[in-house]
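The values are calculated or read from the model by the stated rules, or taken from the named source; none is laboratory data. The structure presented is a predicted model; accordingly, all values stated were derived computationally and were not measured. Cβ: placed from backbone, ideal geometry, glycine included. Neighbour counts: every protein chain shown. Only protein heavy atoms, including side chains, enter the accessible area calculation; ligands, DNA and RNA are left aside. Shrake-Rupley method; radii C 1.70, N 1.55, O 1.52, S 1.80 Å.
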Amino acid sequence: MPTSSVAAEEQAWNRDQLAQPVTTPQWRLWTYEQPAIVLGCSQRAAYERLLAAPGGPPMPVLLRESGGGAVLTGPWMLGLSLALSVGHPWLGQGLLESYRHLGQLFAELLMAQGLPARTLPPAELPAQQADLIARGLPVLDWSCFGNLSPWEVVDAQGRKLVGLAQRRRQTGVLLVAGLLLSEPPWASLCEALGQGEDVDVLRQRTVSCEALMSRRVTVNGFAATLTARLNKIVDQPLTASHRNSLSQEI
C-alpha cells in the first residue's frame, strides 16, 4: 500500500533499483505529505537556479535521473515506481511500447471507479495535441503535465490525468507514474520556475479524479485496486513495506 514519503525518498528508491540487475519486479506506491518540485534530468539549469535563489527555493527541489518536464508532487498525487527486468513481457518492443501496459493499468483502474479515462496510443497523439493547441492550449515542454506522451492517460476531452516516465539501463527498466487525485496548486509550480503566464494552460490541459467525480476522493480505493493488479504482475506476495495503512485522505 502507499508509502507516505517525501519526494527525496522516492527518488532515492528509484535510483537504488537500477544499481544492480533487476531479477524480480519491485514496486512502490507513494503519497506525499508535503509539496516538492521534481525536475527532469535535462532541467539541471533550472535546478541550480532554484537552489541558488536568495532565501533558497520555495519548497524542496529535486533532480531525477529520468527525462521529461517538472512535476509538482504533493497530497494531490498518487505515485508509482515499478522496476522490471529488461526482458519482462510488460516492456514489449521499444521505448514507446514500454509505456503501453502501464498506461492501460491506470486507465482500467480509473474506469473501474467510473471515470472517463483512456490511454493515448501513439497514432492518436498528433491529433490530440493539435486539438488542444487549436483550443488555445499550447504544449508546455517544461512541465510534465503540460505535454502529452504516448500511452499516457487522458479523459474524454484529452486532459491529462496520469503522467508517465521511464529510465532504462542494462540492469533493468524503471517505470514511474503520477496520478492526479485532486488539482495541484499549479501557480506554485509556474511561479517557482518563472512560468507564471502558463498557469491557466496547465489547469486546462489537466484534470483530476476529484474534478471528474465531483466530490472529494481518498487514496484508499485507487491504491487498493492498483495494489491487487500489481501483485498479479509481479507474481510475488506482498512485503511488509507494501502493507501500510490506507487511511490517509487526499
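With respect to Arg118, is the statement that it is more than 12 Å from the chain's Cα centre (by Cα) and closer than 19 Å to Phe222 by Cα true?
Judged against the criteria, Arg118 is a match.
Name, by its number, the condition in (1) open to solvent by 30 Å² or more (accessible area, probe 1.4 Å); (2) farther than 22 Å from Ser188 by Cα that does not hold for Leu110.
(1)
Going by the structure shown, is Val86 modelled with pLDDT of 95 or more, out of contact with any His (no Cβ under 6 Å at 6 or more places or on another chain), of a type in the set (Val, Ile, Thr) and within 20 Å of Arg15 (Cα to Cα)?
So Val86 fails the test.
Need the failing condition index for Leu80 against (1) surrounded by fewer than 21 Cβ atoms within 10 Å (Cβ to Cβ); (2) outside any loop (DSSP other than H, G, I, E, B), just the number.
So Leu80 meets the others, but not (1).
Look through region 204-234, keep the residues that are among the hydroxyl-bearing types (Ser, Thr, Tyr) and outside any helix (DSSP H, G or I), and return whichever of them is farthest from Leu105 (Cα to Cα).
Filtering first and then ranking leaves Ser214.
From the list Val71, Val61, which one is crowded, with 20+ Cβ neighbours inside 10 Å, farther than 19 Å from Phe106 by Cβ and among the β-branched types (Val, Ile, Thr)?
Val61 is the lone residue from the list that is crowded, with 20+ Cβ neighbours inside 10 Å, farther than 19 Å from Phe106 by Cβ and among the β-branched types (Val, Ile, Thr).
Looking only at region 116-131, how many residues end up being surrounded by 13 or more Cβ atoms within 10 Å (Cβ to Cβ) and out of contact with any strand residue (DSSP E or B) (no Cβ under 8 Å at 6 or more places or on another chain)?
So the answer is 6.
Among residues belonging to region 204-232 that are hydroxyl-bearing (Ser, Thr, Tyr) and without any contact (Cβ under 8 Å) to a residue 60 or more places away in the chain, point out the one that is least open to solvent (accessible area, probe 1.4 Å).
Filtering first and then ranking leaves Thr218.
A quick yes/no check of all residues on (1) aliphatic (A, V, I, L, M); (2) at pLDDT 95 or above; (3) part of a strand (DSSP E or B); (4) open to solvent by 30 Å² or more (accessible area, probe 1.4 Å):
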| position | (1), (2), (3), (4) |
| --- | --- |
| Ile133 | yes, yes, no, yes |
| Leu137 | yes, yes, no, no |
| Phe145 | no, yes, no, no |
| Leu161 | yes, yes, yes, no |
| Arg167 | no, no, yes, yes |
| Ala177 | yes, yes, yes, no |
| Glu191 | no, yes, no, yes |
| Val199 | yes, yes, no, no |
| Leu202 | yes, yes, no, no |
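Before we move on, is Gly40 out of contact with any Leu (no Cβ under 6 Å at 6 or more places or on another chain), open to solvent by less than 80 Å² (accessible area, probe 1.4 Å) and on the phi > 0 side of the Ramachandran plot?
No; evaluated as a whole, the condition is false for this residue.
Does region 118-130 contain at least one residue that is touching a residue at least 60 places away in the same chain (Cβ under 8 Å) and not in a strand (DSSP E or B)?
No; the residues of region 118-130 include none that is touching a residue at least 60 places away in the same chain (Cβ under 8 Å) and not in a strand (DSSP E or B).
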